Amino acid sequence: MPAAIDAQCVCKTYPGGGRGLADFSLSVGEGEAFGFLGPNGAGKTTFIKILLGLSRADAGTVRVLGRDPGETAVRARIGYLPEVAQYYEFLSARELLAFYGRLSGLAARQVRERTGPLLELVGLSEAADRPLATFSKGMLQRAGLAQALLHEPDLLIFDEPATGLDPLARLQIRDIILRQRQAGRTVFFSSHELSEVEMVCDRVGIVKDGVLKWCGPTREVAGDGERNLERLFLEVIGAGPGALTAPESLRL
Amino acid sequence: MSVGVRIRPVVSVARLSVVELFRRRDVYVALIFALVVGVPLLGANVFGVEGAVRYVRELVLLLVWVCSVAVSLTTAARQLPGEIQRRTILPLLARPVTRAEVVVGKWAGAAAASCAATLLLYGCYAALTALKSGGGGAGGWGVLAQSVALHLCAVLLICALAVLGSLVLTASANVTLSALLVAGMLLFGSRLYELAAATPGVGGVCARLLHWGLPHVELFDLRLRVVHGWEPLGAWVFVAILAYGLLYAASLVGAAALVFSRKRL
């Protein structure tokens, strides 16, 4: 399977000495759904920024869809949903899609044709012409999902898409992501939600302190068995089962 | 980083900036400024009194400059910091658009809005002076046209200055320093060379460097010619000043693109 994402020995250090990534290597095949897990500050967003060409690795090589992520053309094939859905609140959802569509090089006719079905898909048809300022967090995230899918990208990068959403909104977002996976798109999915990852992804990678600590098929760690994803995650990040036990003083 | 700048993304980003100014009702500021310009003219009884006509023209053109500089600086200064603060910059740059195109688009949007506001102010000036002094009262139409063209060129330069400043200074420091620089150059820009010639040693060298390095905004200010109805500038002088302004603005926008390309987001 050709690699949609191929990172080899990537290092990234921030000014002031903060370590983003250290000798980080990862390969994600085309059409694969990959779950990217890790505690806060582990380096997940740093890696995503490198994939999007928003940041450059200090060392190592990164190829996205066979090209350097710094190339503008490669970003026309990537759909990105940021962790915090912040869009232009003075635009409506329809105008937002028109803006991102133009930037992605779509013709006005293509944008018009795709906007209706996409807004239908994310459940925003009735709110299509309302300003984003009036949207709830879940609606904004769904608008974000629509902009990520608008140009029919080959690679979808979702950075914690369900953070702060209510269960219904999570369910809707998960359903949309599953449909993209079924359509054969590569999905790179960063999340804190282990159950989401388990349901959506073919493979999982766990990163801690900028190092990929574990990477393998989801089926190996799925379910409630002896070696489930939650236990593995805690083990890999060094929290252990004791991390879930409240100290004596806090017990009721 | 890709160095080329394509028209389509630049126009899209610029259009977004203009839409934002309208939707956030910032455009009303220009209308309020137009009132500020209009009221002294409406109130003044200048019909047939040449000295008073000149006085009011001078006052109103000064207001046009002050309002235009204020609109240009405040509009341009918040374009890129606004994108960064509300984190819309990430999904924007995740599109096939370069950082240079975003900078040029933001500058173009701010400049378009500021030029429109400046034209509105000049429109008020021309209409009201014509009305109050029975036609031809705006000064010679040729010199007024040159004045407007050079003023718009200055707006492009001032917006470029504010966009660059917004990437290296805080918002308030940027607006304050840019306003001081523009006001300083309008008032004393033409004296800098005399100062350099008259000052010996290191001070003279510094004055020369300032003379050659700072944007000579005063070159774009034809208020005296308009007020006194003098002849328009010679064609070559006019073209040379326009070229100077456009080149200076392009250099500032290029510097802003360079700074932004290295900025950590």
**Message:** Any residue that is within 11 Å of another protein chain (Cβ to nearest Cβ), closer than 19 Å to residue A:155 by Cα and among the aromatic types (Phe, Trp, Tyr) - is there at least one of those in the stretch A:8-30?
**Reply:** no
**Prompt:** Of A:37, A:51, which residue is more than 25 Å from residue B:92 (Cβ to Cβ) and either touching a residue at least 12 places away in the same chain (Cβ under 8 Å) or in contact with a strand residue (DSSP E or B) (Cβ under 7 Å, 6 or more places away or on another chain) (or both)?
**Reply:** A:37
**Asked** Considering the stretch A:119-136 alone, what residues qualify as being within 14 Å of chain B (Cβ to nearest Cβ) and outside any loop (DSSP other than H, G, I, E, B)?
**Response** A:131, A:132, A:133, A:134
**Selected residue (criterion: least open to solvent (accessible area, probe 1.4 Å)) from residues of the stretch B:201-245 that are within 30 Å of residue B:54 (Cβ to Cβ) and of a type in the set (Phe, Trp, Tyr)** = B:220
**Request:** For the stretch A:186-215, enumerate the residues that are open to solvent by 50 Å² or more (accessible area, probe 1.4 Å) and within 13 Å of the chain's Cα centre (by Cα).
**Result:** A:192, A:193
**Request:** Would you please name the residue that is nearest to residue B:79 (Cα to Cα), looking only at residues in the stretch B:168-225 that are of a type in the set (Ser, Thr, Tyr) and part of a helix (DSSP H, G or I)?
**Result:** B:172
**Request:** Please enumerate the residues belonging to the stretch B:81-131 that are of a type in the set (Val, Ile, Thr) and either in contact with a Gly (Cβ under 8 Å, 6 or more places away or on another chain) or open to solvent by less than 10 Å² (accessible area, probe 1.4 Å) (or both).
**Result:** B:88, B:89, B:97, B:98, B:102, B:103, B:118, B:129
**Request:** Quickly run through the stretch A:148-159 and pick out the residues that are surrounded by 20 or more Cβ atoms within 10 Å (Cβ to Cβ) and touching a Leu at 6+ places or on another chain (Cβ under 9 Å).
**Result:** A:148, A:149, A:150, A:151, A:155, A:156, A:157, A:158, A:159
**Message:** Checking residue A:53 against (1) surrounded by 19 or more Cβ atoms within 10 Å (Cβ to Cβ); (2) more than 11 Å from every other protein chain (Cβ to nearest Cβ); (3) part of a loop (DSSP other than H, G, I, E, B), only one condition comes out false. Which one?
**Reply:** (2)
**Prompt:** When you look at residue A:73, is it facing chain B (nearest Cβ under 10 Å), modelled with pLDDT under 90 and farther than 20 Å from residue A:215 by Cβ, yes or no?
**Reply:** yes
**Message:** Looking for something closer than 29 Å to residue A:22 by Cβ and either of a type outside the set (D, E, K, R) or open to solvent by 40 Å² or more (accessible area, probe 1.4 Å) (or both) - is there at least one such residue anywhere in the stretch A:84-105?
**Reply:** yes
**Request:** Using the structure shown, decide if residue A:17 is under 19 Å from residue A:208 (Cβ atoms) and either surrounded by fewer than 22 Cβ atoms within 10 Å (Cβ to Cβ) or at pLDDT below 95 (or both).
**Result:** yes
**Message:** On the basis of being basic (Lys, Arg), crowded, with 19+ Cβ neighbours inside 10 Å and either over 23 Å from the mean Cα position of the chain (by Cα) or at pLDDT 90 or above (or both), does residue B:78 make the cut?
**Reply:** yes
**Asked** When you go through (1) touching a Gly at 6+ places or on another chain (Cβ under 8 Å); (2) within 9 Å of chain B (Cβ to nearest Cβ) one by one for residue A:86, which number turns out not to apply?
**Response** (1)
**Request:** Among the numbered conditions (1) in a loop (DSSP other than H, G, I, E, B); (2) more than 14 Å from chain A (Cβ to nearest Cβ), tell me where residue B:239 comes up short.
**Result:** (1)
**Fill in**
If we ask which residues in the stretch A:102-118 are within 11 Å of chain B (Cβ to nearest Cβ) and under 22 Å from the mean Cα position of the chain (by Cα), their number turns out to be 2
**Request:** Could you pull out the residue among A:111, A:74 that is β-branched (Val, Ile, Thr) and without any contact (Cβ under 8 Å) to a residue 24 or more places away in the chain?
**Result:** A:74
**Request:** Of all residues in the stretch B:86-109, count the ones that are at pLDDT below 95 and away from chain A (no Cβ under 14 Å).
**Result:** 0
**Message:** So, in the stretch B:201-253, how many residues would count as being farther than 24 Å from residue B:162 by Cα and either of a type in the set (Phe, Trp, Tyr) or at pLDDT 95 or above (or both)?
**Reply:** 5
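The values are calculated or read from the model by the stated rules, or taken from the named source; none is laboratory data. Model, not experiment: these values are computed from the prediction. Cβ sites come from the backbone with ideal geometry, for glycine too, and all protein chains shown count toward neighbours. The protein model used for the area step is the full one, side chains on, heavy atoms only, and it has no ligands, DNA or RNA in it. Shrake-Rupley method; radii C 1.70, N 1.55, O 1.52, S 1.80 Å.
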